[in-house]
Amino acid sequence: MDKKAYDVAVIGGGPAGLAAAKAAAEAGAGKIAVIERDRELGGILQQCIHNGFGLRHFNEELTGPAYAERCLGLIKHLPGVCFYVDTMALAVQNDNTVVTSGPRGITAIKAGSVVLAMGCRERTRGAIRIAGTRPAGVFTAGAAQRMVNMEGVLPGNTAVILGSGDIGLIMARRLSIEGVRVMACLEIAPWSNGLTRNIVQCLDDYDIPLYLSHTISAIHGRDRVTGVTCVKVNEAFRPVAGSEFYLECDTVLLSVGLIPENELSRQMDLPLDPLTGGPVVDQNRQTAHTGVFAAGNVLHVHDLADFASEEGAIAGRAAALHSSGQLAAPPGVLPVIAGDGLRTVVPQLLSDPGGGENIRLFVRASRPREKVTLEAAAGGRVVFTRALPAARPSEMIVADLKTDRLPKTADHIVIRLT
Amino acid sequence: MAIETKCLSCIVCPLSCRLRAEIKDGKILSVSGNSCPRGEMYARNELTAPRRVFTSTVKIKNAFLPLLPVVSDGSLPKGKILDCALFLRSIEVSAPVRAGHVIVPDILGLGVNIVASRSMD
Ligand SMILES: Cc1cc2nc3c(=O)[nH]c(=O)nc-3n(C[C@H](O)[C@H](O)[C@H](O)COP(=O)(O)OP(=O)(O)OC[C@H]3O[C@@H](n4cnc5c(N)ncnc54)[C@H](O)[C@@H]3O)c2cc1C
Ligand code: SF4
């Protein structure tokens, strides 16, 4: 087996991985490997041809491919960064050696630190168990997106979209533009899971009805989908008898959520957060395995690539510091807990919280609310508050917490909405 | 005629402010609910002549992918988007292309160009 040595190895060449590589180089790492299984870098952005990227990171509204090209432009010329494309990371060993398989066979990349930036994958039909037959014509929205935008194939002529996640909404518009008739978008929750702007410009603009509190109860068709039975659901998500209606279609797109891609993390026995689906990390995005960091969608699903880049930079910098022995070993860890009104919080742990540093928190609300206050409490005291005009599960909330405000006696921190 | 109120969501940025416009005799008297001036601009345009940025793909030869993603370099009238999409189906370009290259100048005489979203060799 071929062997190579690097200061930092980054697994995944999407926005999080590219930002990690750049930040690692800036923090002094001399040799950095970026390992990407696809034939080119950029990650999921290459199939997201719509605009809406980069407002935070580049102060400009870009398409996905343009955002990827900008990110690449920032690191391509750096002498110490080496790209392995068409190369799959198969395992991360205990000594932080990444075993890869690529055009040159199996290569072991021994690294001081590893950054996991593998992104996420889509939940499939099996994960939500729809009744009915098993005909052709059922796709995840992201698979359909790749077909339409990169391969030049339309999935069908008439489509129904299940789930109001952003990918489903974006695909409703994309298919409409390409002449596919989109009959409806169904969402089981009483609110939409996508950004409001996507409801307006992807559904309303094309007169596509959105049925909230509705789901597909059966898919029909023998060889190919011929239609779906839709049904209203109550608060417990149980079907309401008598509310069924039928929609004719030859295609069903599923946009029912994303799951962090954590096969490697599981192999390494990294503790995962059941709510984010990603590894448990501290503020440096370091996992329970010393020298292994995680950022971007593999850690928790991001709605903005800009935040995935930002998080990649946090992890990349810390990875470089760890590999040169400058990242202080964590003397103790303080759990950060998602309290009332919140579903997830990242990071889940603070290491060495006495340093007076700024901790960037990414949290998600459990249900939509107007006019709320985001609050952090530790040791029986409120240490941080911020008023928010609204909190929606589809939009990540970002807050900076100064650690010198934390009482010495605190044994955990609760973040909540009041 | 009485003053009419119209509510809409701003789509300029992800904050999605809820906007209220007061309209009399087809004229917009005021816009409220916006957190920044772009929201007022959006409401005024949206209620009179809505515009959108348009993204799609065109065929490309000699590249490792069959399609090149493209974007309009400004917003165009919402009602013209499907016409633009239809027009792009007749276009084929050849690699190499650089990001920002004009693929269709002044599409359908609307005053905006269709440019390449990315480079492709
Ligand atoms: C349809 C859709 C629409 C979106 N719209 C917007 C928007 O309008 N605005 C916005 O800001 N954001 C948007 N986003 C979100 C944004 O694209 C993501 O948050 C961001 O791309 C996540 O970056 P990442 O680097 O974590 O993951 P990814 O971009 O998914 O990159 C992960 C990379 O890791 C590689 N990989 C995985 N496993 C391995 C392995 N074992 N070995 C080697 N390589 C591996 C993958 O091939 C991939 O290239 C959208 C996302 C989607 C899916
Ligand atoms: S009004 Fe301004 S802040 Fe509010 S959504 Fe529009 S652009 Fe964003």
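The values are calculated or read from the model by the stated rules, or taken from the named source; none is laboratory data. Remember, predicted model here, so these are calculated numbers, not experimental data. No Cβ is skipped: glycine too gets one built from the backbone with ideal geometry, and neighbour counts run over all protein chains shown. Calculation scope for accessible area: heavy atoms of the full protein, side chains included, ligands and nucleic acids excluded. Shrake-Rupley method; radii C 1.70, N 1.55, O 1.52, S 1.80 Å.
Numbers at a glance
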{"item": "Cα Rg, Dmax (largest Cα-Cα span) when computed across region A:205-265, Å", "result": "15.0, 46"}
{"item": "Karplus-derived 3J(HN,Hα), 6.51/-1.76/1.60, for each residue of region B:65-75, Hz, glycine and proline x", "result": "10, x, 10, 10, x, 9, 8, 7, 7, x, 7"}
{"item": "Helix-derived mean residue ellipticity, 222 nm - over chain A, DSSP H n ≥ 4, -39500 (n - 2.57), to 500", "result": "-5000 deg cm²/dmol"}
{"item": "Value in Å of the Kirkwood radius, where chain B supplies the Cα pairs that are averaged", "result": "16.4"}
{"item": "For chain A, with +1 on Lys and Arg beta carbons and -1 on Asp and Glu, the positive-most of A:Gly14, A:Gly105, A:His50 along the dipole", "result": "A:Gly105"}
{"item": "Three-way shape call for region B:25-69 based on the alpha-carbon gyration tensor, with the a/c threshold at 1.5", "result": "prolate"}
{"item": "Normalised contact order of region A:12-131, rounded percent, pairs of Cα under 8 Å and 6 or more residues apart", "result": "27"}
{"item": "Cut-off under 5 Å, modelled amide H: who pairs with A:Val138 long-range", "result": "A:Val252"}
{"item": "Amide hydrogen neighbours beyond the local backbone of A:Leu55, cut-off 5 Å, H modeled", "result": "A:Glu60, A:Leu62"}
{"item": "Column: log10 I(q)/I(0), Debye, Cα scatterers of the protein assembly as shown, q = 0.06, 0.11, 0.13 Å⁻¹", "result": "-0.31, -1.08, -1.43"}
{"item": "Cleavage-rule hits (trypsin sites (Lys or Arg not before Pro)) in region A:1-105: DSSP loop, at most 12 neighbouring Cβ within 10 angstrom", "result": "A:Arg39, A:Lys76, A:Arg104"}
{"item": "Neighbourhood charge, 13 Å Cβ-Cβ cut-off, centred on A:Gly168 and excluding it, Lys, Arg +1 and Asp, Glu -1", "result": "0"}
{"item": "Estimated buried accessible area (total), pair A and B, 1.4 Å, Å² to nearest 100", "result": "2500"}
{"item": "Complex-versus-alone comparison for region A:189-212, residues with a loss of 20 Å² or more in accessible area, probe 1.4 Å", "result": "A:Thr196, A:Arg197, A:Val200, A:Gln201, A:Asp205, A:Tyr206"}
{"item": "Residues along region B:65-114 losing 20 Å² or more of accessible surface when the other protein chains are present rather than the chain by itself (probe 1.4 Å)", "result": "B:Leu65, B:Pro66, B:Leu67, B:Pro69, B:Lys78, B:Ile81, B:Leu82, B:Arg89"}
{"item": "Kirkwood hydrodynamic radius of region A:157-227, from inverse mean 1/r over distinct Cα pairs, in Å", "result": "12.3"}
{"item": "Subset of A:Lys371/A:Lys408; A:Lys31/A:Lys76; B:Lys24/B:Lys80; A:Lys371/B:Lys6; A:Lys110/A:Lys402; A:Lys22/A:Lys110 violating a 24 Å alpha-carbon distance limit", "result": "A:Lys371/A:Lys408; B:Lys24/B:Lys80; A:Lys110/A:Lys402"}
{"item": "For A:Ala218, distant residues with modelled amide H under 5 Å away", "result": "A:Thr229"}
{"item": "Degrees separating the helix B:37-48 axis from the principal Cα axis of chain B, which is the longest one", "result": "90"}
{"item": "Cα long-axis angle, helix A:166-177 against chain A (0 to 90 degrees, to the nearest 10)", "result": "50"}
{"item": "From phi via Karplus (6.51, -1.76, 1.60), per-residue ³J(HN,Hα) for region A:135-148 in Hz, x at Gly/Pro", "result": "x, 6, x, 9, 10, 6, 4, x, 5, 5, 4, 5, 4, 6"}
{"item": "Under Karplus coefficients 6.51, -1.76 and 1.60, residue-wise ³J(HN,Hα) of region A:209-225 in Hz, glycine/proline x", "result": "x, 10, 9, 7, 6, 9, 9, 8, 8, 7, 9, 10, x, 9, 8, 10, 4"}
{"item": "Rounded if a/c under 1.5, otherwise prolate or oblate - region A:1-65, Cα gyration tensor axes", "result": "oblate"}
{"item": "Rounded tilt (10° steps) of A:15-26 against the dominant C-alpha axis of chain A", "result": "10"}
{"item": "Cα principal axis extents for region A:379-418, largest first, Å", "result": "34, 16, 15"}
